[in-house]
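Structure first, commentary second.
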Amino acid sequence: MNTPPAFSFLVCLRLLLAVLPLPGQNLLKHDHQLSSPLTSYLRLKEGLWLLDNNIDPYTGGSFHHSPLLLSLFSTIVPPLPIIWAISDAVGAWALLRIWRARQGLSFQKGTRSNVENLITSVYLLNPYLLLPSLALSTSTFENTLTLLALMFASQGKVSSALLAITFAVHLTPSSILLLLPIFMVLVSSPVSHLASPRPFHGNLKRIPFLFGEFTLYWLVLVGAACIITGGSWSWVRASWGATLTLPDLTPNPGLWWYFFTEMFDHFRPFFLMVFSVHLVIYILPICIKFQHDPLYAAFLLIGVLGTFKAYLTLADPGLFLSMISIFPEVHGYLRHPIITTLLHLHAALLLPLQHVLWVSEGRGNANFYYAASLVMGMAGGAGLVDACWAGMRIAVGDAKEWAEEKVDGEKGEGEGKVVWWEVVQQ
């Protein structure tokens with residue numbers, strides 16, 4: 001595939017950042033906004049040390065990574081920063097190929113340099129994605145696997161897409177939200193139909209077979225994880241169970257941790273169920289509403305994860321914000337892009353400030369940091385709602401011109417234009 005000029009330059013720059021010793025990189029590794037207990041590099045190193053000393057990493061309750069990551073970094077490659085840089089490059093490459101598949105462009109022909117330069121820059125220069133990668137958070141791998149799954153699905157490569165989403169679900173079970181839209185992309189098309197909605201035209205009879213193949217891959221990965229841990233199943237509760245039971249209430253930019261810090265123990269199981277089901281209820285409404293464009297449905301569900309995920313880091317909303325670059329058709333229909341941008345800027349300033357005041361200086365308390373987390377939640381919610389609105393609004397077209405044409409056709413109604421436009425606005 002021909003790559004735009006910015007891609008090669010930014011990938012080289014990202015590799016350079018991985019090689020050079022950066023001041024403050026150790027501070028990034030300890031930052032709760034960039035890595036969670038499930039994605040922390042420091043906890044990964046701790047698990048590798050325990051494994052090297054023949055101690056089960058999952059017995060202490062502080063290690064929550066997948067056994068596959070343990071095996072990867074203990075036997076194949078060491079956890080060097082260059083691995084995260086390569087993962088970022090692969091993610092940007094996958095995002096470009098998703099864009100090209102959506103536009104119906106050949107992967108061997110020339111590129112639309114301006115647009116693809118923008119897409120590459122939005123991904124590789126996004127601070128929400130770059131800083132977690134510099135902090136060596138494993139959320140970088142989760143984002144890359146998600147993009148690879150969407151890329152292969154857009155290209156119609158069934159086995160590759162299912163294998164990629166299986167790895168993503170294995171690393172973070174909440175990625176299961178993306179399974180249905182990926183199935184829909186595989187049996188239909190990634191080409192944009194937002195402006196011309198139509199009933200779903202894919203072959204629904206293929207979906208059970210796709211689910212069966214996904215289940216097979218999932219069982220293989222589960223078996224591999226059990227073999228890595230010596231036949232023990234303790235990793236299931238420590239890694240997958242952590243997403244559902246929230247055992248570690250380390251502060252993060254998400255909405256869960258403070259709520260369950262203040263929760264009475266006898267209410268905890270009920271509200272854990274409520275918060276978990278809340279994520280799942282978005283799947284069917286979004287996939288049904290955007291059945292004519294399942295790739296856009298997957299994008300919106302990524303936005304749901306970037307707002308309501310249990311152990312949220314900045315990498316989660318960062319993927320959603322970067323992916324909006326491959327849907328230029330909706331940009332003109334966003335209602336409040338400036339407000340959403342200002343909310344993200346506000347949260348980006350408040351989160352580190354309140355974190356320092358509370359954790360480092362001891363001049364604040366948990367309420368200060370959670371207030372900043374609520375601003376981040378508002379920013380994520382505003383972006384998600386705006387993207388939903390734009391995805392539906394594009395089918396109407398330019399309402400003002402349409403209303404004026406409608407009224408101009410009705411002669412003799414002097415006030416019709418004003419009344420009709422007021423109705424359209426409502």
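The values are calculated or read from the model by the stated rules, or taken from the named source; none is laboratory data. Here the structure is a predicted model, which means the values were calculated and not measured. So basically every Cβ, Gly included, is an ideal-geometry build from the backbone, and we count neighbours across all protein chains shown. For accessibility, only protein heavy atoms count, side chains too; no ligands or nucleic acids. Shrake-Rupley method; radii C 1.70, N 1.55, O 1.52, S 1.80 Å.
Annotations
- Residue match in region 119-133 (condition: assigned to a helix (DSSP H, G or I), surrounded by 24 or more Cβ atoms within 10 Å (Cβ to Cβ) and small (Gly, Ala, Ser)): yes
- Residues located in region 57-68, provided they are buried (at least 19 other Cβ atoms within 10 Å of the Cβ) and in a helix (DSSP H, G or I): 67
- Selection from region 371-408 of residues that are farther than 26 Å from residue 300 by Cβ and modelled with pLDDT of 55 or more: 371, 408
- Residue tally, condition of a type in the set (Val, Ile, Thr) and under 27 Å from residue 305 (Cα atoms), over region 216-245: 5
- Conditions (1) open to solvent by 50 Å² or more (accessible area, probe 1.4 Å); (2) without any contact (Cβ under 8 Å) to a residue 40 or more places away in the chain; (3) in a helix (DSSP H, G or I): number failed by residue 218: (2)
- When residue 93 is tested against the conditions (1) open to solvent by 10 Å² or more (accessible area, probe 1.4 Å); (2) over 16 Å from residue 322 (Cβ atoms); (3) part of a helix (DSSP H, G or I), the lone failure is (2).
- Qualifying residues in region 27-56 (those that are over 21 Å from residue 309 (Cα atoms), without any contact (Cβ under 8 Å) to a residue 40 or more places away in the chain and in a loop (DSSP other than H, G, I, E, B)) - the one most open to solvent (accessible area, probe 1.4 Å): 54
- Counting the residues of region 221-235 that are hydrophobic (A, V, I, L, M, F, W, C) and open to solvent by less than 40 Å² (accessible area, probe 1.4 Å) gives 6.
- Scanning region 149-173 for residues that are open to solvent by 30 Å² or more (accessible area, probe 1.4 Å), of a type in the set (A, V, I, L, M) and under 16 Å from the mean Cα position of the chain (by Cα) yields a single hit, 171.
- Scanning region 320-355 for residues that are open to solvent by less than 20 Å² (accessible area, probe 1.4 Å), closer than 14 Å to residue 387 by Cα and in a helix (DSSP H, G or I) yields 320, 322, 323, 325, 326, 330, 340.
- Answer residue from region 244-301, given it is assigned to a loop (DSSP other than H, G, I, E, B), closer than 22 Å to residue 32 by Cβ and among the polar types (S, T, N, Q) and is most open to solvent (accessible area, probe 1.4 Å) among those: 250
- Summed over region 303-313, the residues that are in a loop (DSSP other than H, G, I, E, B) and either of a type outside the set (A, V, I, L, M) or at pLDDT 95 or above (or both) give a count of 3.
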